[in-house]
1. What ranking do Trp203, Trp134, Trp49, Trp103 get, fewest neighbouring Cβ atoms within 10 angstrom at the top?
2. How far apart, in nm, are the 7 Å Cα→Cβ label points at Val257 and Ser101?
3. Suppose the chain between Val248 and Leu136 were pulled fully straight at 0.36 nm per residue; how much longer would it get relative to their current alpha carbon spacing?
4. Can you give the Rg to Rh ratio for the chain, taking only C-alpha atoms and Rh from Kirkwood?
5. Which of Met207, Met262, Met79 comes first, and how do the rest follow, when ranked by fewest Cβ neighbours within 10 Å?
6. Under the classification rounded if a/c is under 1.5, otherwise prolate if a/b is larger than b/c and oblate if not, where does region 83-194 fall, given a ≥ b ≥ c as square roots of the Cα gyration tensor eigenvalues?
7. How many nm separate the modelled label positions at Ala51 and Ala111, each set 7 Å beyond the Cα in the direction of the Cβ?
8. Subtract the Cα-Cα distance of Phe93 and Asp128 from 0.36 nm times their separation in residues, and report this length gain in nm to one decimal.
Amino acid sequence: MNGLAAASVACALAAAVLTAIAGVAQQRSAAAVPETGNLVSSLLRNPRWWAGAVGDTAGYGFQIAALALGSVLVVQPLMVSSLLFALPLAAYFGGYRLTRSTWLLAAALCAALAIFLIVGNPAAGTTDAAATRWALPLGAVLAVTAAAAALGAAPAQTTRLTPGVRATLLGTAGGLLYGVVAALTKHVTDLFEDGPVAVLTSWQVWMLVVAGVGGYYLQQRAFQVGPLSASLPALTVGEPLGAMFLGVVVLGEHLQVGGAGMVLVAAAVLVMFVTTIALSRAEAPTPEVATPATTPPPESPNPR
């Protein structure tokens, strides 16, 4: 491994760790807000949440550096490993232990997502597609997002869904919106070469802003209603699936695999769905508490 490749790996791992720390900090902050309270205003007044936001920004900076120094096929799988950092951190600060099944499910999810990103990495297509070509696929993604968000945000007593399932639904909705952002980013970046008027009059720019803000809000709601082991995997899976769907259907990208490669991608997608659902249905962790010592019964007085 040459110096640039090693630096890229180091930056990617730093990004994964910072993203994990940020996720834990924000999840703990959001989970402390009652669902009847004002989530946004509560988070904006929380220093720990702001520390998480700073960590997110720093992690994104390291990710950009990693991509500048090395291959996307190396950086993407390493970024997925943030899940394996986040879960033990959440367990440590939450005062509970991760079960063996949670570790195995998280590792399987990371492996499947890495395979999906590497093997299914699509060839580039056009960055600019007509609005009419966007309409139906984007509408479908937004409809699925809205349905998942509405079901996840509904009061628990109404839907009778567990906190884990609600967090998974909201995390999936947020991840899909992040996928919309990813699909639009290249075109929006290119617009800056045409000047501010082209940027401000482009519907893609405003769609990117709305999707980014909406995805971030849904991420915080997912953190609020359920455990990190349910929300973070759904976020991690939703983004590449949403981005690849729009890339293939709208932008003319195509998978550079066939035969056994396509079977491997399909199997990876199946594992991603199964492990995400299993993590959402896992029993919510409870803090470990010391068993109070029992006070021995008073001794009976000696009979005379």
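1. Least to most surrounded, the residues fall as Trp203, Trp103, Trp134, Trp49.
2. Each label point lies 7 Å from its Cα, and together they span 2.8 nm.
3. Numbers: separation 112, 0.36 × 112 = 40.32 nm, distance 1.34 nm.
Gain on stretching Val248 to Leu136: 39.0 nm.
4. Working: Rg = 22.2 Å, Rh = 20.8 Å.
Rounded to two decimals, Rg over Rh is 1.07.
5. On the way: Met207 18, Met262 13, Met79 24.
Ordered by Cβ neighbours within 10 Å, fewest first: Met262, Met207, Met79.
6. oblate
7. It is 3.5 nm.
8. Between Phe93 and Asp128, full extension yields 8.1 nm more.
Each value in this text was obtained by applying a stated rule to the coordinates, not by laboratory testing. Because the structure is predicted, anything quoted here is derived from the model rather than measured. Glycine gets a Cβ as well: all are built from the backbone with ideal geometry, and neighbour counts include every protein chain shown.
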